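S.K.: First the structure, then my questions, so here it is.
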Amino acid sequence: MMAGIRGNDTKPELVIRRGLHALGFRFRLHDRHLPGAPDLVLPRWRAVILIHGCFWHGHDCSLFRWPGTRQDFWRTKIGRNRERDMEVEALLDAAGWRIMTVWECSLKGRGKIGAGQVIALVVEWLKSGQGQGEIRGMEDAGG
C-alpha cells in the first residue's frame, strides 16, 4: 500500500503548477540544491512554494486523522515530518527565500476554497513581496 504513495507530482501539486504556469509564472521543480527540495522554486521572485498533504504533515484539519493501528509508529513518523518541515523552513528563511505553504485541505475536503482561489492567493502573495504565507481550508483548525 505505501509503495503507491507519491512524494512528487501529487494532485494538489499539479493543480498549483498548471495554474501558475497558465498565468505565465516559471519555476523549477524539487530543486535539490535547496533545503528540503521545495515543490516549486520561483527564482525571479526569490520564493518557494511547499505543497503539503494534510495527513503526512499532521495538519490540524478535517482531512487529518490519527490512524487506529500502529499508533506509536505513526505519531513518531508524523511528528518527525513536522520537525523536518520546521527545520527546512528555518534553513530556507535563513538563505533569504520567501516561503508559501499550501495545504491539501485548501483544494479538497469540506473546507476547500478551490483551485482558482488558491492560485489567486499564491499570485497575490508572490507579487506582494511578503515573507511567509500559508493557505489552508476555510474551516477552523480541527474542523
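Read the figures in this text as sums done on the coordinates, not as results from a lab. Keep in mind that what you see is a predicted model, and the values were worked out from it rather than measured. Using ideal geometry, Cβ is built from the backbone for each residue, glycine included, and neighbour counts are taken over all protein chains shown.
S.K.: Gain in length, Ile113 to Asp9, computed as 0.36 nm per residue apart minus the alpha-carbon separation, to one decimal in nm?
M.R.: 35.4 nm
S.K.: Let me know the longest stretch in the chain that avoids all trypsin sites (Lys or Arg not before Pro) found in a DSSP loop with at most 11 other C-beta atoms within 10 Å.
M.R.: Numbers: sites that count: Arg6, Arg26, Arg32, Arg65, Arg70.
Excluding the exposed sites themselves, the longest stretch runs over 71-143.
S.K.: Then there's this: List the lysines whose alpha-carbon lies under 18 Å from that of Lys11, not counting same-chain residues fewer than 8 positions away?
M.R.: Lys108, Lys112
S.K.: Ok, one more. If the chain between Met86 and Asp60 were fully stretched, how many nm would it gain, using 0.36 nm times the residue separation less the Cα-Cα distance?
M.R.: Length difference between fully extended and current span is 7.8 nm.
S.K.: Connecting C-alpha atoms closer than 10 Å in a GNM of the chain, tell me which of His52, His30, His21 has the biggest fluctuation.
M.R.: So, out of His52, His30, His21, the one fluctuating most is His21.
S.K.: Arrange Ser106, Ser128 by Cβ neighbour counts within 10 Å, fewest through most, would you? Mind showing how you got there, number by number?
M.R.: Details: Ser106 26, Ser128 10.
Ordered by Cβ neighbours within 10 Å, fewest first: Ser128, Ser106.
S.K.: For His33 and Trp74 in the same chain, what is the full-extension length gain: residue separation times 0.36 nm, less their Cα-Cα distance, in nm?
M.R.: Once the chain is fully extended between His33 and Trp74, it gains 11.8 nm.
S.K.: May I ask you to work out the translational diffusion coefficient for region 7-108 at 20 °C, viscosity 1.002 mPa s, via Stokes-Einstein with Rh from the Kirkwood sum over Cα pairs, reported in whole µm²/s?
M.R.: The diffusion coefficient I find is 147 µm²/s.
S.K.: When only Cα pairs under 8 Å and 6 or more residues apart are kept, what is the percent relative contact order across the chain? Mind dumping the intermediate values first?
M.R.: Numbers: 192 pairs, mean separation 34.5, N = 143.
Rounded, it is 24 percent for the chain.
S.K.: Follow-up question, since we're still on this one. Would you order Val48, Val118, Val123 from fewest to most other beta-carbon atoms within 10 Å of each residue's own beta-carbon?
M.R.: Lowest to highest Cβ neighbour count: Val123, Val118, Val48.
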